[in-house]
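This report refers to the structure that appears directly beneath it.
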Amino acid sequence: MPELPEVETVRRTLTPVVKNQVIAECEVFYPRLLPRNTVEVFCAQIINRKITDIKRRGKYLLFELDSPLRMIVHLRMTGQLVYQPEQNLPLAKHTSARFIFKNKGELRFVDQRKFGTIYLLPEAQYHQIHGLYTLGPEPLGEDFTVDTLADKVQSVRAVKTILLDQSKIAGLGNIYADEALFRAKIHPLKPGSRLTEAEIAALHHSIRAVLREAIAEHGTTIKDYRTGSGDTGNFQNKLLVYRRTGKPCPNCSTPVERIKVGGRSTHFCPHCQRWDQDCTD
Ligand SMILES: [Zn+2]
């Protein structure tokens, strides 16, 4: 699933080619893409609107229009939002929607698993999208400090589970939670409330570092993720533990293990990320 670095890469690659473009035609081939609109109402409201900017919150893309409405896109599992400079090329399999621009090119939403969603709402009604309205702070934002993280982890839940909770921190998913915990040498099952001050500081640093590095590499392509230009990311080549079960830990050569935490596959090094459950720290 695309996480913060992938969604941010889509934003950065789409902005230069989509900003200031006027939507001339709208086609939705899969109506469930629009949980709150009929295709007719959605297209009527978006046709002739200019995209003035693209913002991001967590894993949501927020297309600002020259009207109070915002087009809010969530890629979910397999969604791809790709700009094509040439119009009316044959549709790829699993194309859910396309937006043809007045001037040049078109924007296509391709989604194999079909969990992706698009909303059209004014900012004043963002509360209608529970996941967007309840998002925690942006981990790369200035207000995400060590103290913020210390506050967010005060829970008996496993730290890995807390990191995946979008209402605690926006944008982290399975890949970057595993990578951040490995870098900070924290066992994924350790309860958040039992992290030491030093562990919280290390985790704060590792979350921001891994997200920044992944953005610089245009995200991680395991299978479906593509940038707004249709390219794969590169960070899959830099992963230290995620999906590396049985391969040697880059620090100590102990084989990476996989366990389930809160139902999610979790990869860690049992030597570098030790946690003695009977110990009180
Ligand atoms: Zn190790």
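Dipole of the chain, Cα-centred, from +1 at each Lys and Arg C-beta and -1 at each Asp and Glu C-beta, to the nearest 20 debye? Numbers along the way, then the final one.
Numbers: 40 positive and 31 negative charges, 148 e Å.
Charge dipole of the chain: 720 debye, to the nearest 20.
Calculated mean residue ellipticity, 222 nm, the chain: -7500 deg cm²/dmol, from DSSP H runs (n ≥ 4) at -39500 (n - 2.57) each, averaged per residue and rounded to 500. For a distance above 27 Å, tell me the whole-number percent of Cα pairs in the chain that qualify. Taking all Cα-Cα pairs of the chain, the fraction more than 27 Å apart is 42 percent.
Dividing the Cα radius of gyration of the range 133-281 by 2.2 N^0.38 Å, with N the residue count, gives 1.02.
Per residue Cα convex hull volume for the range 1-74, in cubic angstrom?
Once divided by residue count, the hull of the range 1-74 is 100 Å³.
Straight Cα distances below 29 angstrom link Lys168 to the lysines Lys55, Lys59, Lys114, Lys152, Lys160, Lys185, Lys190, Lys223, Lys238, Lys260, with same-chain residues fewer than 8 positions distant left out.
Of the accessible area of the range 167-281, with the probe set at 1.4 angstrom, what percent is carbon plus sulfur? About 45 percent, which is the carbon plus sulfur part of the accessible surface.
May I ask you to work out the translational diffusion coefficient for the range 4-133 at 20 °C, viscosity 1.002 mPa s, via Stokes-Einstein with Rh from the Kirkwood sum over Cα pairs, reported in whole µm²/s?
On the way: Rh = 14.6 Å.
Estimated diffusion coefficient is 147 µm²/s.
Packing around the peptides 190-197, 212-219, taken as the average count of other Cβ atoms within 10 Å per residue, puts them in this order, highest first: 212-219, 190-197.
Heavy atoms of the protein chains alone define the surface here; on that basis the range 108-213 has 40 Å² accessible area per residue at 1.4 Å probe size.
Take every Cα pair under 8 Å in the range 64-202 that's 6+ residues apart, average their separations, divide by the length, and report that relative contact order as a whole percent.
Details: 202 pairs, mean separation 27.6, N = 139.
Across the range 64-202, relative contact order equals 20 percent.
Can you tell me the dipole magnitude for the range 131-281 around its Cα centre, using point charges on the Cβ only (Lys, Arg +1; Asp, Glu -1), in Debye to the nearest 20? Walk me through the intermediate numbers first.
Working: 20 positive and 18 negative charges, 133 e Å.
Roughly 640 debye for the range 131-281.
How high is the relative contact order of the chain, given as a whole-number percent (alpha carbon pairs under 8 Å, six or more residues apart)? Write out the running numbers ahead of the final one.
Working: 589 pairs, mean separation 53.6, N = 281.
Computed over the chain, the figure is 19 percent.
At the residue level, Lys114 shows approximately 50 square angstrom of accessible surface with a 1.4 angstrom probe and all protein chains present.
Please give the contour-minus-distance gain from Arg76 to Asn88: 0.36 nm per residue of separation, less the Cα-Cα distance, rounded to one decimal in nm. It would help to have the intermediate numbers written out before the result.
Values: separation 12, 0.36 × 12 = 4.32 nm, distance 2.58 nm.
Length difference between fully extended and current span is 1.7 nm.
Computed from backbone phi with θ = phi - 60° and the Karplus coefficients 6.51, -1.76 and 1.60, the 3J(HN,Hα) list for the range 205-216 is 5, 5, 4, 5, 5, 5, 5, 4, 5, 5, 4, 4 Hz; x is used for glycine and proline. For Thr52, the amide hydrogen comes within under 5 Å of the amide hydrogens of Asn20, Glu64, Leu65, Asp66, counting only partners 5 or more places away or on other chains and with H modelled in the peptide plane.
The values are calculated or read from the model by the stated rules, or taken from the named source; none is laboratory data. Note that the structure is predicted; figures quoted are calculated from it, not measured. Counting neighbours? That spans all protein chains shown, and the Cβs are built from the backbone with ideal geometry, glycine included. Surface areas here come from the heavy atoms of the whole protein model, side chains and all, with no ligands, DNA or RNA. Shrake-Rupley method; radii C 1.70, N 1.55, O 1.52, S 1.80 Å.
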